[in-house]
1. Kindly indicate whether any position in segment 235-254 is assigned by TED's automatic domain parsing to the domain that holds residue 150, under 23 Å from the mean Cα position of the chain (by Cα), at pLDDT below 85 and part of a loop (DSSP other than H, G, I, E, B).
2. If I go through segment 58-75 residue by residue, how many of them are surrounded by 14 or more Cβ atoms within 10 Å (Cβ to Cβ) and touching a residue at least 12 places away in the same chain (Cβ under 8 Å)?
3. Quick one: is residue 184 part of a helix (DSSP H, G or I), modelled with pLDDT of 90 or more and surrounded by 15 or more Cβ atoms within 10 Å (Cβ to Cβ)?
4. Select from segment 116-145 the residues that are within 24 Å of residue 201 (Cβ to Cβ) and modelled with pLDDT of 90 or more and write down the one among them that is surrounded by the fewest Cβ atoms within 10 Å (Cβ to Cβ).
5. Regarding segment 286-300, can at least one residue be identified that is under 24 Å from the mean Cα position of the chain (by Cα), surrounded by 11 or more Cβ atoms within 10 Å (Cβ to Cβ), over 27 Å from residue 171 (Cα atoms) and not assigned by TED's automatic domain parsing to the domain that holds residue 352?
6. Checking residue 283 against (1) surrounded by 13 or more Cβ atoms within 10 Å (Cβ to Cβ); (2) under 29 Å from residue 234 (Cα atoms); (3) without any contact (Cβ under 8 Å) to a residue 24 or more places away in the chain, which test does it fail?
7. Kindly list the number of the only condition in (1) buried (at least 23 other Cβ atoms within 10 Å of the Cβ); (2) modelled with pLDDT under 95; (3) part of a strand (DSSP E or B) that fails for residue 165.
8. Among 92, 100, which is the only one that is within 20 Å of the chain's Cα centre (by Cα), under 27 Å from residue 305 (Cα atoms), at pLDDT 85 or above and in the same structural domain as residue 116 (by TED's automatic domain parsing)?
């Protein structure tokens, strides 16, 4: 009689791995319970003022929430943090996809933390118009900066907001400032006609470019070029050094064609390599020169005041929009009038007028 050996197939499932003794069941239970517990507004503010990054992250999540029940609590957190805000420099960084924004920000951020500054990066990732999802991969791309104790990286989804910034980026800036970060960097989703809202919430606007992209004179968009306080030509290393220097010359010529800025600042062009870190220190030097000038001529404070007025109206617009679409009596009417408009039974303007009148009845 032949004995059959037991042969394991590729589908054979191995026994599970037992949990190491070093893992405390009690600790896991405590952490799980802590995550379920919702801190009060006062607890969040206390954590933020103590420079607790976990409290800061939870507060930003609360502020970004679209749940109407979270609005009051979020407002309480922001109002309590406001007296501790406005003590930073705010830098907006934009550029086409592939220009190396994340790599540049990591090199720039590491340089700033080496100088003793505390850096918060609010990175805005584009949301899909189909799935409405975002990758939020900036922490992965900035793997060195994310480990720096003097840095904080917060990726957020742009959602349906135009302007290349998340819906609540303005409030997130206030929370980061209250948490002790003296340099706020906002990375936008990219450059386009609607990617200029970041300019209305930062003090300094930096445009990243690459040499040889065929847009040295025209710029990506004239509006973006006019807003830029500094154009940085990235990837100026290896065989690209000569091209980068040529692009710098051409951009300098182009900038002189634009009207003078109300700040009195003449925009500059510099080159750098985020990989080798060549030119990164020069970028910070230009930023410092700008801030010295605009603080001396009081443009800095005037611009901040204008921005606050602008964001008052923007917040009103946002709240009205959210309130309109959240109304239960409006939703069925909206669907009904959408069909009527699609079937050419009613003009979009007449339908909108009726819905708004219905909204303001109560």
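The values are calculated or read from the model by the stated rules, or taken from the named source; none is laboratory data. Keep in mind the model is a prediction, meaning the values are calculated, not measured. Every residue, glycine among them, receives a Cβ derived from its backbone with ideal geometry; neighbour counts consider all protein chains shown.
1. No, segment 235-254 contains no residue that is assigned by TED's automatic domain parsing to the domain that holds residue 150, under 23 Å from the mean Cα position of the chain (by Cα), at pLDDT below 85 and part of a loop (DSSP other than H, G, I, E, B).
2. 8
3. Here the answer is no, as residue 184 does not meet what is asked.
4. 117
5. Checking segment 286-300: at least one residue is under 24 Å from the mean Cα position of the chain (by Cα), surrounded by 11 or more Cβ atoms within 10 Å (Cβ to Cβ), over 27 Å from residue 171 (Cα atoms) and not assigned by TED's automatic domain parsing to the domain that holds residue 352.
6. (3)
7. Against the list (1) buried (at least 23 other Cβ atoms within 10 Å of the Cβ); (2) modelled with pLDDT under 95; (3) part of a strand (DSSP E or B), residue 165 comes up short only on (3).
8. After ruling out the rest, the residue left standing is 92.
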